[in-house]
């Protein structure tokens, strides 16, 4: 931080540059948060899908019991709803990343990787 004398004596150009940088930093930070929140939303759906598809045995049941007790209608409905949500979120995330990377080329965000897109990559 500059001392008070330098701050009040700063040229109009210096003050303008400080304000510009502060604005750029604030908007960039908010943009990164938007990207992070969408990425988190996508990963949560990915976990939800993995849990839905995990029909293996646990400590109290075996696979045959799990399959015997499956509600095909609910399972299928849940499966398609999760996949649809993942597709929507993946598109929203891709758009946010492209906009962010265009506006803030010095602090680029990474797109979802192959493992994150594994289940839905052929659906996009």
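Every number in this text was worked out from the coordinates using simple rules, so none of it is lab data. Nothing here was measured: the structure is a model prediction, and the numbers come from that model. Backbone-built Cβ (ideal geometry, glycine too); neighbour counts: all protein chains shown.
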Give me the one-decimal Kirkwood hydrodynamic radius in Å for segment 33-117, with the sum taken over alpha-carbon pairs.
14.9 Å
Ranked on Cβ counts within 10 Å of their own Cβ, fewest leading, 36, 86 go 36, 86
